[in-house]
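See structure below.
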Amino acid sequence: MEVLSRTCVKQADNFNAFYSPEYWLQICEGNITAFGELVDHNFNPLYHYGTRFTPDKGLIKDCIQDLFLEIWEKRAKLTHIVSIKAYLFQSLRNNLITRIKKQSRFSDFSENEEFASQDDSPELAWITDETDALTSSRLETGIEMLPKRQREALYLKYYQDLSNEEIAGIMGLQKQAVANYIHYGILKLREYWKYKTILLAMIIDYIN
Amino acid sequence: MNNYKNFELKDWVEDPGFRRWVYRGEDDAYWTSVLKNTPLQAENIEQAREILLMVRGEADEIPEQELASRKANILDYISQETQIRSWWRRSWLQVAAVLLLTMGFGGYYYKRHSQPPYNAVLAQSGSRIIEIVNTNEAVKLVTLPDGSSVILKKAAKISYPASFATDKREVVMLGEAFFEVQKNPEQPFFIYAGEMLTQVTGTSFSIKANAADKQVQLVVKTGVVDISVIRAGNEAGNRHVILNPNQLVTLDRNSSQLAKKDVDEPVLIGLPIESQYFKFKKTPVKDVFLALEQAYGVHIHFDKQVTSRCNITAKLGDEPIREKMQMICEVIGAKFEMQDNAIAVFSNGCDITD
């Protein structure tokens, strides 16, 4: 256990040093070694993010590979980028959604409308979703009650450690909208959790 | 202990250390003790944990080996691009800068020493000429068409035909580099560096031939090297020497004199590989690969877990990297693919008896 946690800490340190502006500049100047490390550190996080949008794993991996080639191609023009991780996520998101939309011309894919960047009020979404949730009989995972975009914001914030500002950039939203998404998202998940516990308590009561 | 007692659900979710524990199991002992010491927070902690796991969803990762081959594909593709496009495809401003710099140094150089027409030498081969310049701080490995390895230091450059002539292998280089020449007596290997011509059949050595320096130097690590001066001057003197391991030759550009001397270690340009003989005794394969990565500036992708029981006992000498990889992979029963500076190793692991 000791050893395990130490290696984890070391990785985390590398991770931070890795996102330094100097490092990014080296990549922009054509340092292949540095670029290789960028690929190493980001392939899996990007892949996991990609699974939010499509179950087609091959498509996600191909999109990521293309994304890295694209970045290398135009690296000299990318020196102004400050948040590398946010840039990678945003680019993958755009490319992936474009590809999915192209595919969906031939298949039924109504869900992708949710990715569209319209600044709908999260409160409204919350209310409409509430009725959805009540009518829905399946309540195993509370996260499924939330609209896709709200889930995505929570995911980027907590699992990928991105700031509200970065998330706003990635999803094409206002910073305040991101803050709302996250605030109400947590409230709703807590509500769900309480609801589940009460339900459980009632069932146990009933059994007894 | 922190002010965890007053934490609310949102505070737990927002705590980066707490999240690392939930997602990656980091600092487990610490968070377990927090849980024990703040019993009133147990519900909040459990709730926060569950919410975070819901936010993540299924933890899906690409296996290490697939990741390695994906990465190798990417690096492979871009290093080919870099070589073919070379520098003329960059924006014209950069090209202008390169030209100016070349004229700055080169002009000075040309005044004092008229360099032999190297392009003519290579053009004889009749095939396309590839020029590679290492613009990075890190060393750059170049694998020649015959499999020979050349490690270029910063600013060093090498030109060679896309395929060598049948009777000889000729390359032109400038700067500081380390060579491991593929053994082939039928097809001698010639290196033009400044006014120095080096002929070998298969051996390893370092060359220091900077345009601005007054001398060109070479030190032999293994094998035998034949050195001569290209530009025939009027002065009488030593124009031809044969070098053995641990011998250093210096060519004075003004007098065109060659001077030979013995050295304790064949170290000339400060690369680790100059003094490394790759002797391994029951060495874990990950350490062997690390040594190769450091010596050649390559990336070796392999599954650390699968190969955790693979050990190597071997003496790898002056073979080019591809041959070294072949030997190692034969020993551990693995396969490998090499594209420029990226190597991917595919192994099913080793038995403990090894």
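The values are calculated or read from the model by the stated rules, or taken from the named source; none is laboratory data. For clarity, every value in this text was computed on a predicted model and none was experimentally measured. For neighbour counting, all protein chains shown are included, and Cβ atoms are generated from backbone atoms with ideal geometry for every residue, glycine included.
Take B:Phe289 and tell me if it is of a type in the set (Phe, Trp, Tyr), under 14 Å from the mean Cα position of the chain (by Cα) and either more than 14 Å from chain A (Cβ to nearest Cβ) or surrounded by fewer than 20 Cβ atoms within 10 Å (Cβ to Cβ) (or both). If you could, list the steps in order and put the result at the bottom.
Values: of a type in the set (Phe, Trp, Tyr): yes; under 14 Å from the mean Cα position of the chain (by Cα): yes; either more than 14 Å from chain A (Cβ to nearest Cβ) or surrounded by fewer than 20 Cβ atoms within 10 Å (Cβ to Cβ) (or both): yes.
Yes, satisfied.
Answer yes or no as to whether A:Lys102 is in contact with a Cys (Cβ under 9 Å, 6 or more places away or on another chain), of a type in the set (D, E, K, R) and modelled with pLDDT of 65 or more.
no
Taking B:Glu330 as the residue in question, decide whether it is closer than 24 Å to B:Thr201 by Cβ and not aromatic (Phe, Trp, Tyr). Let's see the steps before the verdict.
Working: closer than 24 Å to B:Thr201 by Cβ: no; not aromatic (Phe, Trp, Tyr): yes.
Taking the combined requirement at face value, the residue does not satisfy it.
B:Lys36 - would you say it is modelled with pLDDT of 85 or more, within 13 Å of chain A (Cβ to nearest Cβ) and either surrounded by fewer than 17 Cβ atoms within 10 Å (Cβ to Cβ) or part of a helix (DSSP H, G or I) (or both)? Walk me through how you get there before you give the answer.
On the way: modelled with pLDDT of 85 or more: yes; within 13 Å of chain A (Cβ to nearest Cβ): no; either surrounded by fewer than 17 Cβ atoms within 10 Å (Cβ to Cβ) or part of a helix (DSSP H, G or I) (or both): yes.
No; evaluated as a whole, the condition is false for this residue.
Would you please name the residue that is surrounded by the most Cβ atoms within 10 Å (Cβ to Cβ), looking only at residues in the stretch B:292-325 that are polar (S, T, N, Q) and over 17 Å from the mean Cα position of the chain (by Cα)? Break it down stepwise before answering.
If we filter the stretch B:292-325 for residues that are polar (S, T, N, Q), which is where we start, we get B:294, B:305, B:307-308, B:311, B:313.
Still in the running and over 17 Å from the mean Cα position of the chain (by Cα): B:305, B:307-308, B:311, B:313.
Working: B:Gln305: 10, B:Thr307: 20, B:Ser308: 12, B:Asn311: 18, B:Thr313: 11.
Looking at the filtered set, the residue picked out is B:Thr307.
Residue-wise test of (1) under 16 Å from B:Asp287 (Cα atoms); (2) in the same structural domain as B:Val224 (by TED's automatic domain parsing); (3) of a type in the set (Phe, Trp, Tyr); (4) out of contact with any Lys or Arg (no Cβ under 8 Å at 6 or more places or on another chain).
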| residue | (1), (2), (3), (4) |
| --- | --- |
| B:Ile300 | yes, no, no, yes |
| B:Asp303 | yes, no, no, yes |
| B:Cys310 | yes, no, no, yes |
| B:Thr313 | yes, no, no, no |
| B:Arg322 | no, no, no, yes |
| B:Met327 | yes, no, no, yes |
| B:Glu330 | no, no, no, yes |
| B:Phe336 | no, no, yes, yes |
| B:Asp340 | no, no, no, yes |
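Restricting to the stretch B:58-72, and then to whatever is outside any helix (DSSP H, G or I) and at the interface with chain A (Cβ under 7 Å from one of its Cβ atoms), can you tell me which residue is modelled with the lowest pLDDT? Spell out how you get there, then give the answer.
Step one: filter the stretch B:58-72 for residues outside any helix (DSSP H, G or I), giving B:58-63.
Checking the rest, the ones that are also at the interface with chain A (Cβ under 7 Å from one of its Cβ atoms) come to B:60-62.
Values: B:Asp60: 84, B:Glu61: 87, B:Ile62: 89.
Residue satisfying both the conditions and the ranking: B:Asp60.
Looking at the structure I just gave you, is B:Val306 aliphatic (A, V, I, L, M), within 25 Å of B:Ile74 (Cα to Cα) and assigned to a loop (DSSP other than H, G, I, E, B)? Break it down stepwise before answering.
On the way: aliphatic (A, V, I, L, M): yes; within 25 Å of B:Ile74 (Cα to Cα): yes; assigned to a loop (DSSP other than H, G, I, E, B): yes.
It is true that B:Val306 is aliphatic (A, V, I, L, M), within 25 Å of B:Ile74 (Cα to Cα) and assigned to a loop (DSSP other than H, G, I, E, B).
Which number in (1) free of Cβ contacts under 8 Å to residues at least 60 places away in the same chain; (2) not in a loop (DSSP other than H, G, I, E, B) marks the one condition that B:Lys221 misses?
Here B:Lys221 meets the rest and fails (1).
Looking at B:Val229, B:Val220, B:Val285, B:Val263, can you tell me which residue is of a type in the set (Val, Ile, Thr) and either out of contact with any strand residue (DSSP E or B) (no Cβ under 8 Å at 6 or more places or on another chain) or at pLDDT below 85 (or both)?
Details: B:Val220 fails: either out of contact with any strand residue (DSSP E or B) (no Cβ under 8 Å at 6 or more places or on another chain) or at pLDDT below 85 (or both); B:Val285 fails: either out of contact with any strand residue (DSSP E or B) (no Cβ under 8 Å at 6 or more places or on another chain) or at pLDDT below 85 (or both); B:Val263 fails: either out of contact with any strand residue (DSSP E or B) (no Cβ under 8 Å at 6 or more places or on another chain) or at pLDDT below 85 (or both).
Of B:Val229, B:Val220, B:Val285, B:Val263, the one residue that is of a type in the set (Val, Ile, Thr) and either out of contact with any strand residue (DSSP E or B) (no Cβ under 8 Å at 6 or more places or on another chain) or at pLDDT below 85 (or both) is B:Val229.
Being surrounded by fewer than 20 Cβ atoms within 10 Å (Cβ to Cβ) and not aliphatic (A, V, I, L, M) is the filter here, so list the residues in the stretch B:127-142 that pass it.
Across the stretch B:127-142, the qualifying residues are B:Ser127, B:Arg128, B:Glu131, B:Thr135, B:Asn136, B:Glu137.
Filter the stretch B:269-297 down to the residues that are on the phi < 0 side of the Ramachandran plot and in contact with a helix residue (DSSP H, G or I) (Cβ under 7 Å, 6 or more places away or on another chain) and list them by number.
Kept after step one, since they are on the phi < 0 side of the Ramachandran plot, are these residues of the stretch B:269-297: B:269, B:271-277, B:279-281, B:283-296.
Listed by number, the residues that qualify are B:Pro272, B:Ile273, B:Gln276, B:Phe280, B:Val285, B:Val288, B:Leu292, B:Gln294, B:Ala295, B:Tyr296.
Just give me the residues in the stretch A:47-66 being in a helix (DSSP H, G or I) and either without any contact (Cβ under 8 Å) to a residue 12 or more places away in the chain or within 10 Å of another protein chain (Cβ to nearest Cβ) (or both), in sequence order. Give the steps one after another, and end with the answer.
Of the residues in the stretch A:47-66, the ones in a helix (DSSP H, G or I) are A:47-50, A:57-66.
A:Tyr47, A:His48, A:Gly50, A:Lys57, A:Gly58, A:Ile60, A:Lys61, A:Asp62, A:Ile64, A:Gln65, A:Asp66, listed by residue number.
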